[in-house]
């Protein structure tokens with residue numbers, strides 16, 4: 001008797017999640033044993049290259065994107081809207097300028113993109129944490145849920161990601177997703193902010 005299709009798909013998703021977790025555990029072990037270089041700490045980079053100023057426009061903070069938020073030179077974490085980070089394809093290490101206006105609005109601008117490289121991997125989901133990861137080569141990268149949702153990604157889909165070139169990172173930006181079911185890519189909607197981010 002052939003098992004139902006939905007049970008097979010569920011098993012595939014569980015296997016992908018287990019493989020992703022195992023790969024991540026191996027990466028942590030490799031860093032602890034000195035076999036693999038750890039990813040740079042965005043907080044350290046922000047302390048070295050960031051700054052805080054007061055202008056007529058408001059308070060300006062220059063910091064570093066950590067894959068999910070911006071870390072300022074003061075060590076504080078500033079929330080970056082997930083939709084903005086996804087559409088702009090921000091990656092770990094990008095330098096950002098945050099202007100906090102008099103009415104409390106947060107306005108972000110990318111001022112220092114790090115050099116990027118494209119990788120192709122497989123999307124996996126951790127059902128316990130509801131987080132998505134991409135397995136590419138011998139590494140596993142976290143990706144923003146907003147990016148996966150935008151492209152209607154599911155576990156098992158093929159993913160094109162952007163990561164810092166030649167530098168280890170925990171996070172990646174989703175550039176496109178190729179659906180496992182019909183092998184067609186979801187078109188990328190051009191965003192004005194994203195045009196600047198394709199430059200190294």
Using only the Cα atoms of region 42-112, build the gyration tensor, take square roots of its eigenvalues as a ≥ b ≥ c, and label the shape rounded, prolate or oblate: rounded if a/c is under 1.5, else prolate if a/b is larger than b/c, else oblate. oblate
Could I have the simple spin-label model distance between residue 56 and residue 74, label points 7 Å from Cα toward Cβ, reported in nm to one decimal? 2.4
Footprinting exposure proxy for 65, 106 (fewest neighbouring C-beta atoms within 10 Å first): 106, 65
Extension reserve of the residue 101-residue 154 stretch, reckoned as 0.36 nm per residue once the Cα distance is removed: 15.2 nm
Nearest 0.05, what FRET efficiency do residue 49 and residue 138 give at R0 = 41 Å with Cβ-Cβ as r? 0.90
Per the 1/(1 + (r/R0)^6) rule, R0 = 22 Å and r from the Cβ atoms of residue 12 and residue 115, FRET efficiency to 0.05 is 0.05
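Coordinate-derived values only; no laboratory data. This one's a predicted model, so the numbers in the text were calculated from it and none came from an experiment. Positions of Cβ are backbone-derived with ideal geometry, glycine not excepted, and every protein chain shown enters the neighbour counts.
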